[in-house]
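Sharing a structure below in structure tokens format, with a few things to ask.
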Amino acid sequence: MRLLRRLTLSQARQVGIDAVLLLALIATALVGLASTYTESEFWWIGMAGALLAVLTTTVVSVVLRWPSVVAALGVVAWYFLLGPVLCLRGQDAATPGPRSWEMLVHEALHGWKDLLTTLPPVDGESRLLVLPWLLGLVTGLLGAVLALVRSRRMAIAAPLPLLPPLALLAVVILLGVDRPEALWLQGTVFAVLALAWLALRHTRTVSTFTTPRNVRGRLLRLGTGATLVAVAGMLALPIGTWASGDDAQRVILRDHVEPPFDVGQYPSPLASFRRYVELPAGEHSPLNLHDTTLFTIEGVPTGSRVRLAVLDRYDGVVWGASNNSQPGVANDTYQRVSRVIDNPVAGRPVDARVTIGPGWSGVWLPTLGALQSIDFLDDDSQRLAESFRYNLATSSAVVPAGVLPGDVYVFTAVSPEDDLTPETATSTNVGEAADAASFLDTQAVQWSEGERQPMRRVYAIARHLKSDGRYSDGVTESERIYHAGHNRYRLTDDTGGVNSPFVVGNDEQYAALMALLANRIGVPARVVLGAVVPGGGVVTGADVHAWVEIQVADGSWRTLSTDLFMDEDAPAEQQTTRKQQLSGSVVPPPAPIPPPSSSRDQNDTEMKIRKSRSTTGHLDPDVSGSVALWLSRLIRYVVVPVLALTILLSSVVVAKLVRRRRRRTRAKVSARFVGAWRELVDHARDLGQPVPVGSGITRREQAFQIVSPGARSLAHQADSHVFGPRLPRPGDAETYWQQVDRERETMSASVSRWKRLRAALSLTTF
């Protein structure tokens, strides 16, 4: 309580008002993240950080009069001590320690990018809560420090504490989504609070020109404040609207940051399609999955199409999955998601449960329709959930950590409208696949001849493929001339390609060819590898198919029925040659780049999955070994030494505080005078003044060496009370201590901030 008495009532009121308004601005700015997180927990954690930072700075800088750097060290300590408990709950690093500190350092450096590459809304219990915790701490610290700045030019000092909340608002907007949350609250209320605070701080300067009892001065302060508040009200709406923006013009970093996850690193699952075909009687292969259970799905109607992988990029060898495959589409990348996915699609709701069977493993996760939420239920659910990524544009999911037999998950989804007719208007947003299909120019023109509308041209090509095509898996003795794969050579050769008498192949070749031809005539198309759910929901390799999706004018994707372009008749053993107009673009076999081996690709993938599953202690499955090593070294050689140094320096400050308190509360009143004088001498020595100490040195001799105008007077007072004829009273000692405190402040004000910091941490007086 004695420390608090050093503040006048007016000073305490000003500090309190500044702290409350600073916290109000921070609270208003953090509301902008409400659309980014699933729950309000982020706001409470951010405000907890701001409150701790403001209280720490106020106590350190106002009550204890220590340098602001001590408050900064205290905030760093709060970050590492409370961060694991508040932000890493439910994880294996929820208690302070090397692993939790490693995660906090990672989030401090890369948390912003993790947030931007996670599809909102973000789970309210994930480690991404570290970001609002850090924002609250930093903004509270900077705002409180700047609010304490005193300057003769208050026109400059008054708006300084508004800068951190304004910066926080800008950061929140940039880290947010394209649909602002609470536009009026975030913009209007923030502007009113900020300008009102500015007006209040500005009116304090008027007191330098008039006394509080002067009526004219009061009117001047009142008029100035009222004018600025009125300006705040008038500017609130335009400032708020500008700050929040509208959906079309709002600039957010999420639209300009490419997720670090590259789905193109995985082999095309379409290249392994022959693993699912039926082998001839008497033949057996351990790699064949025709009769093996891939997964069991419950809660969906028979005949539903389950999506395994969506392939939207063709490189001349395979159809593969990719990021940023659609021009002008923001959410066409595989991003981290939470349990709840913001995926507004109209259609029939689906509530499904999937159990992975012995025939399915890898990174591709079976889903259906437009996903709305997902929960993993097995023992490894946390790591799978953190690894899970979803692509809104393709409605497909991957788990880089890998799914294995026995994994169970439930999801809700919406099965959208899927009708497609020759009259359906198509999109014109074609991607790179149109250029990749240039080797099919002749077929694209000839097979759609006579039709003008894009969708009718697609249907014409589909009819030609069906009427002049034959279906073969290429596994019987007489049909093994029809090879697997869908590279350019396979699609254009004279043995089952477009330059042969008949197009011969299975789902792999037909879907690949149909999608390429559609793209070439200007209709966006992609290949989907999936499964048609049989009765009972037990999906085997026999249920796996490939089909084509067409993008229509409203941007949605709809299935082109395989019955339109895929024939079921088998080719004759000896086909008669019929007249066929060749393309002139016969592509030679790509000898240097053979078609991918399904068994090798699958085995490699499974090996990586098992290796990933057997490795524990990694921060994230996507973080490479070098990054993990770098973080480990950062913890060992930077974070731990900094924490140790912080504790060491803090111990010096605490020791001086304890010594000061003991001197001030001595039982003998005369000893309090002695302690106060020693406190002044110690402060002078900490500042570097050559004040002599030791037995035989009088206080008056010491006063001559102290660079302070009141030192001699204080020395005389101490001597008179210690050696005087009457016993000093406690009130006299308290008054003397207050005089010493003011003298110490005067001495500190005469030196630089760096010298004051050195004095606070100096060991000279011990």
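In segment 720-766, what count of residues is obtained for those that are farther than 21 Å from Val654 by Cβ, of a type in the set (A, V, I, L, M, F, W, C) and surrounded by fewer than 14 Cβ atoms within 10 Å (Cβ to Cβ)?
4
Could you pull out the residue among Thr428, Thr412 that is modelled with pLDDT under 90, farther than 18 Å from Asp262 by Cα and assigned by TED's automatic domain parsing to the domain that holds Glu298? Full working, then the answer.
Values: Thr412 fails: modelled with pLDDT under 90.
Among Thr428, Thr412, only Thr428 is modelled with pLDDT under 90, farther than 18 Å from Asp262 by Cα and assigned by TED's automatic domain parsing to the domain that holds Glu298.
Looking at (1) assigned to a loop (DSSP other than H, G, I, E, B); (2) in contact (Cβ under 8 Å) with a residue 60 or more places away in the chain; (3) closer than 30 Å to Thr492 by Cβ, which is the one condition that is false for Ser322?
(2)
In segment 278-296, which residues are β-branched (Val, Ile, Thr) and either crowded, with 23+ Cβ neighbours inside 10 Å or modelled with pLDDT under 95 (or both)?
Across segment 278-296, there are no qualifying residues.
Follow-up question, since we're still on this one. Within segment 96-106, can one find any residue that is crowded, with 19+ Cβ neighbours inside 10 Å and closer than 17 Å to Leu141 by Cα?
The answer is no, given that none of the residues of segment 96-106 is crowded, with 19+ Cβ neighbours inside 10 Å and closer than 17 Å to Leu141 by Cα.
Need at least 2 residues that are among the aliphatic types (A, V, I, L, M) and crowded, with 23+ Cβ neighbours inside 10 Å per element, so show me which strands (runs of 3 or more DSSP E) inside segment 363-407 make the cut, counting only ones lying wholly within it.
370-376, 396-403
Do the conditions hold for Ala434, that is, is it touching a residue at least 12 places away in the same chain (Cβ under 8 Å), assigned to a strand (DSSP E or B) and not hydroxyl-bearing (Ser, Thr, Tyr)?
no
Please give the number of the condition Arg659 fails out of (1) among the charged types (D, E, K, R); (2) surrounded by fewer than 16 Cβ atoms within 10 Å (Cβ to Cβ); (3) in a helix (DSSP H, G or I).
All conditions are met except number (2).
Being charged (D, E, K, R), in a loop (DSSP other than H, G, I, E, B) and in contact with a Gly (Cβ under 7 Å, 6 or more places away or on another chain) is the requirement here; does Arg666 meet it?
In short, yes.
Only one of Gly497, Gly469, Gly485 is without any contact (Cβ under 8 Å) to a residue 12 or more places away in the chain and crowded, with 21+ Cβ neighbours inside 10 Å; which?
Of Gly497, Gly469, Gly485, the one residue that is without any contact (Cβ under 8 Å) to a residue 12 or more places away in the chain and crowded, with 21+ Cβ neighbours inside 10 Å is Gly497.
Something else: May I ask you to say which residue of Val306, Val300, Val345 is over 22 Å from Lys113 (Cβ atoms), assigned to a strand (DSSP E or B) and either at pLDDT 95 or above or touching a strand residue (DSSP E or B) at 6+ places or on another chain (Cβ under 6 Å) (or both)?
One residue alone meets the criteria, Val306.
Among the residues of segment 76-96, is there at least one that is farther than 19 Å from Leu131 by Cα and touching a Leu at 6+ places or on another chain (Cβ under 8 Å)?
No, segment 76-96 has no match at all.
Identify the residue in segment 449-466 that is among the small types (Gly, Ala, Ser) and modelled with pLDDT of 95 or more and, among all such residues, is surrounded by the fewest Cβ atoms within 10 Å (Cβ to Cβ).
Ala460
Can I ask one more? Which one is nearest to Ser10 (Cα to Cα), of the residues in segment 44-103 that are at pLDDT 85 or above and of a type in the set (S, T, N, Q)?
Ranking the qualifying residues of segment 44-103, first place goes to Thr58.
Need pairs with beta-carbon distance below 7 Å; first residue in contact (Cβ under 8 Å) with a residue 12 or more places away in the chain and within segment 739-752, second of a type in the set (Asp, Glu); sequence gap 6+ or separate chains.
Pairs that qualify, where the first residue is in contact (Cβ under 8 Å) with a residue 12 or more places away in the chain and the partner is of a type in the set (Asp, Glu), are Val740/Glu679.
State which residue is farthest from Leu148 (Cα to Cα) when the search covers only segment 35-51 and only residues that are buried (at least 21 other Cβ atoms within 10 Å of the Cβ) and not polar (S, T, N, Q).
Selected residue: Tyr37.
For Leu22, all conditions in the list (1) surrounded by 22 or more Cβ atoms within 10 Å (Cβ to Cβ); (2) modelled with pLDDT under 80; (3) not small (Gly, Ala, Ser) hold save one; what is the number of the exception?
(2)
Hey, another quick one. Residues in segment 501-508: is at least one within 40 Å of the chain's Cα centre (by Cα), in the same structural domain as Leu270 (by TED's automatic domain parsing) and either surrounded by fewer than 20 Cβ atoms within 10 Å (Cβ to Cβ) or under 30 Å from Thr367 (Cα atoms) (or both)? Even if it seems obvious, please write down each step before you answer.
Within segment 501-508, the subset within 40 Å of the chain's Cα centre (by Cα) is 507-508.
Cutting the leftovers down to in the same structural domain as Leu270 (by TED's automatic domain parsing) gives us 507-508.
Right, trim to either surrounded by fewer than 20 Cβ atoms within 10 Å (Cβ to Cβ) or under 30 Å from Thr367 (Cα atoms) (or both) and you get 507-508.
Looking for residues that are within 40 Å of the chain's Cα centre (by Cα), in the same structural domain as Leu270 (by TED's automatic domain parsing) and either surrounded by fewer than 20 Cβ atoms within 10 Å (Cβ to Cβ) or under 30 Å from Thr367 (Cα atoms) (or both), one finds at least one in segment 501-508, hence yes.
The values are calculated or read from the model by the stated rules, or taken from the named source; none is laboratory data. Note that the structure is predicted; figures quoted are calculated from it, not measured. All Cβ positions, even for glycine, are placed from backbone atoms using ideal geometry, and neighbour counts span all protein chains on display.
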